[in-house]
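Down below is the structure, laid out as structure tokens.
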């Protein structure tokens, strides 16, 4: 069974989006099947087998989420972040500016679905495999 402490220890190793594929592998090894990240408050809910769920909150300033989603703006921010050129807080702010209210990482399907304030998908991206 995964715990908040296990999750935060793995997250602490991440410096940029380039580290995300390795983080996903660690989360999967813990038994995490999916998680939702809420942009405004930075909280995450991690889901495993048998209904097991763990919420991890982070101290951050509230991020405003734009009313109108922009797939183009999100794609640009993602590209820069995945190259390791921005840190996680910067990407989260930029995601909010692009109208992303939450994203769901499905660690079994290996996809991330970015959704707007109405929970409508803006973009579905494959999770890259670790290099």
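The values are calculated or read from the model by the stated rules, or taken from the named source; none is laboratory data. Note that the coordinates shown come from a computational prediction; the quantities given were computed from them, not determined experimentally. With ideal geometry, Cβ positions are generated from the backbone for all residues, glycine too; neighbour counts draw on all protein chains shown.
Any residue at all in the range 53-62 that is surrounded by 16 or more Cβ atoms within 10 Å (Cβ to Cβ), modelled with pLDDT of 95 or more and on the phi < 0 side of the Ramachandran plot?
Scanning the range 53-62, I find at least one residue that is surrounded by 16 or more Cβ atoms within 10 Å (Cβ to Cβ), modelled with pLDDT of 95 or more and on the phi < 0 side of the Ramachandran plot, so the answer is yes.
So how many residues does the range 109-131 have that are assigned to a loop (DSSP other than H, G, I, E, B) and modelled with pLDDT of 95 or more?
Taking the range 109-131 first, the residues assigned to a loop (DSSP other than H, G, I, E, B) are 109-110, 116-120, 127-131.
Checking which are modelled with pLDDT of 95 or more leaves us with 109-110, 116-120.
Qualifying residue count, the range 109-131: 7.
Per the conditions (1) surrounded by 16 or more Cβ atoms within 10 Å (Cβ to Cβ); (2) touching a helix residue (DSSP H, G or I) at 6+ places or on another chain (Cβ under 6 Å), the sole criterion not satisfied by residue 20 is (2). Of all residues in the range 69-82, those satisfying the criterion of being under 16 Å from the mean Cα position of the chain (by Cα) and either crowded, with 18+ Cβ neighbours inside 10 Å or modelled with pLDDT under 95 (or both) are 74, 77, 78, 79, 80, 81, 82.
Scanning the range 111-131 for residues that are touching a residue at least 60 places away in the same chain (Cβ under 8 Å) and surrounded by 13 or more Cβ atoms within 10 Å (Cβ to Cβ), which turns out farthest from residue 66 (Cα to Cα)? The residue in question is 128. If you go through the range 34-77 and keep only what is in contact with a strand residue (DSSP E or B) (Cβ under 7 Å, 6 or more places away or on another chain) and touching a residue at least 60 places away in the same chain (Cβ under 8 Å), you end up with 34, 35, 36, 37, 38, 39.
Among the conditions (1) more than 12 Å from the chain's Cα centre (by Cα); (2) closer than 26 Å to residue 129 by Cβ; (3) surrounded by fewer than 18 Cβ atoms within 10 Å (Cβ to Cβ); (4) in contact (Cβ under 8 Å) with a residue 60 or more places away in the chain, residue 106 misses just one, which is (1).
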